[in-house]
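The values are calculated or read from the model by the stated rules, or taken from the named source; none is laboratory data. Just so it is clear, the structure is predicted and the values come from calculations on it, not from any experiment. Here the Cβ positions follow ideal geometry from the backbone for every residue, glycine too, while neighbour counts run over all protein chains shown.
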Amino acid sequence: MGMKCVQCNTDNILSDRIRNSGRCKQCNHPFVFEPNTVTDKKLAFTDPFFKKAIENISSQNMLFFTHKQFLYFIDQKLKSRTPQTSWIFFYFFFSLFAGTFGIPSALVIFPSQFAVVIPFALYNLIWIWLFFYYSKSPDIGIRGRRNNAKNLQILGVIILVLGISGSLIFNYFPGYIVAITLGLFSYWLGISQKNRPQITGEIFLVNQAQSDKWLRDWQTVNGTLEKLLPAARQEALPATIDREVSAYSFDRAIICDRDDIAQFLIANNVHFENNCAILSISGYPQSIFNTVIEMLRRNADLKVYALHNASPAGVGLVHQLQTSPEWFANQAVTIFDLGISPRQILATRDMFVQQSQTIAQTARQLPDAVRQSLTAEELAWLDAGNFVELESFTPQRLLRVVNYGLAQSGDPQGNEGLILVDDNVGYGGGYVFVSDSFG
């Protein structure tokens, strides 16, 4: 297997890499990864593959990204390499061959009317089960599940065309009935899998420790990744802010449920571009938190944007902002719930949904005020232990969502994408708008 050097672009076949102790034969630059020594071939990749992943997630080294964002990204890249459509072509040509030569031979050798229909039915049922299994398997990415659901539809059409045609040619009525039954069943199953809400949890092909090791190994050989953010740290000592600056206030504030997301937004200059404060619910950045909160409370027209995971803690963020004395209790503050909310998950099928029993238990212990703000479908989704993390979205998409949400709020009453879900309720007043889409 050849692999190009990321330093000089020279192609090195396996014998070259072995002969040069894992270095480029042209420039002697070390290779970080050797796909031929990886036991699990799903995790085997080359240096150019990894370099391309870094370039893509950082938008050509323009956007900062977190370790977990990279985990999600590399996991989906590895899953997407698995061929999902070639199997249907293999089935088609094999079935065409069997139909052309096998059926006439079977009818001659075994004159019984069931000599062909039983093997035909069993053969196709195996393929239907195979595609159905992979259309809902948590080991396969979202795109792979959709492709397998599509394969079920294609399989149904092939069964109908080949089965009915062969049955009519040979005047074989049992084959006609079986072909219609299996073909329509496969096609219907494909449609139902393609259109069903994604409630099956997806699991990682890669774990966080493995992803972090790959990043460390890459940086050891190729230098520090400037756009890779370290873990968000709380500074114990307060920072000094000029009095003239602290005398002003912000018109808008984004409150995140995780420090890493707040750090991500700040690193990518969302606060500068939108003239807004960015904080986390736990008080990040701690060094300026108290000063910024005081600045926000001075603005009677303040707009607050809640950005959170689709999880029990995430859906409770708005309630915490409204009721906590550390935030905006008893203040008439307009809050925009940017998401991710379960209703947004249920309205789409392209998100990385995970499942956890711990999440299920936490969901059932949410305050009544929070549970009453959710629909029955949302509660069922959370109570089943489902959750989606913001870091499952690429930096580019997540920033687009935030900027779009800020733009939407210019005229909330006239924007069909924002739903008024809380109008002057008893625990704080103000308004709460929820976006009905995410990105």
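Of the candidates Ser15, Ser59, Ser21, the single residue that is among the hydroxyl-bearing types (Ser, Thr, Tyr) and surrounded by 12 or more Cβ atoms within 10 Å (Cβ to Cβ) is Ser59. Scanning the range 322-341 for residues that are assigned to a loop (DSSP other than H, G, I, E, B) and within 19 Å of Glu378 (Cα to Cα) returns Ile340, Ser341.
Pairs only if they're at least six apart or on different chains, beta carbon under 6 angstrom, first in the range 365-380 and within 10 Å of Gly316 (Cα to Cα), second among the hydrophobic types (A, V, I, L, M, F, W, C); list them, first residue then second. Final answer for the pair search is none.
Can you confirm whether Val32 is aliphatic (A, V, I, L, M), modelled with pLDDT of 95 or more, in contact with a helix residue (DSSP H, G or I) (Cβ under 6 Å, 6 or more places away or on another chain) and over 15 Å from Leu205 (Cβ atoms)? Judged against the criteria, Val32 is a match. From the residues in the range 145-177 that are closer than 16 Å to Leu122 by Cβ and out of contact with any Gly (no Cβ under 7 Å at 6 or more places or on another chain), which one is surrounded by the fewest Cβ atoms within 10 Å (Cβ to Cβ)? Only one residue fits best here, namely Ile177. All of Ile335, Ile340, Ile261, Ile241 fail the test of being touching a helix residue (DSSP H, G or I) at 6+ places or on another chain (Cβ under 6 Å), β-branched (Val, Ile, Thr), buried (at least 16 other Cβ atoms within 10 Å of the Cβ) and modelled with pLDDT under 90, apart from Ile335. From the list Val370, Val353, the lone residue that is surrounded by fewer than 23 Cβ atoms within 10 Å (Cβ to Cβ), over 23 Å from the mean Cα position of the chain (by Cα) and β-branched (Val, Ile, Thr) is Val370. Going through (1) touching a helix residue (DSSP H, G or I) at 6+ places or on another chain (Cβ under 7 Å); (2) under 29 Å from Gln76 (Cβ atoms); (3) assigned to a helix (DSSP H, G or I); (4) at pLDDT 90 or above one by one, His319 falls short only on (2).
Within the range 37-64, can you find the residues that are β-branched (Val, Ile, Thr) and under 21 Å from Thr10 (Cβ atoms)? Within the range 37-64, Thr37, Thr46, Ile54 meet the criteria.
Of the numbered criteria (1) among the polar types (S, T, N, Q); (2) at pLDDT 75 or above; (3) surrounded by 13 or more Cβ atoms within 10 Å (Cβ to Cβ), the one Thr220 fails is (3). Only residues that are touching a residue at least 60 places away in the same chain (Cβ under 8 Å) and either touching a Lys or Arg at 6+ places or on another chain (Cβ under 8 Å) or part of a loop (DSSP other than H, G, I, E, B) (or both) were counted across the range 246-305, and they come to 9.
The set of residues in the range 1-12 that are surrounded by 12 or more Cβ atoms within 10 Å (Cβ to Cβ) and not aliphatic (A, V, I, L, M) comprises Lys4, Cys5, Gln7, Cys8, Thr10, Asp11, Asn12.
Among the residues of this structure, Thr181 counts as one that is modelled with pLDDT of 85 or more and either touching a Pro at 6+ places or on another chain (Cβ under 7 Å) or among the β-branched types (Val, Ile, Thr) (or both).
Against the conditions (1) at pLDDT 75 or above; (2) out of contact with any strand residue (DSSP E or B) (no Cβ under 9 Å at 6 or more places or on another chain); (3) surrounded by 12 or more Cβ atoms within 10 Å (Cβ to Cβ), Tyr91 satisfies every one except (1). Within the range 8-41, the only residue that satisfies the criterion of being of a type in the set (Lys, Arg) and assigned to a loop (DSSP other than H, G, I, E, B) is Lys25.
Going through the range 54-71 one residue at a time, which ones are of a type in the set (Ser, Thr, Tyr) and either within 10 Å of Leu228 (Cα to Cα) or not in a loop (DSSP other than H, G, I, E, B) (or both)? The answer is Ser58, Thr66.
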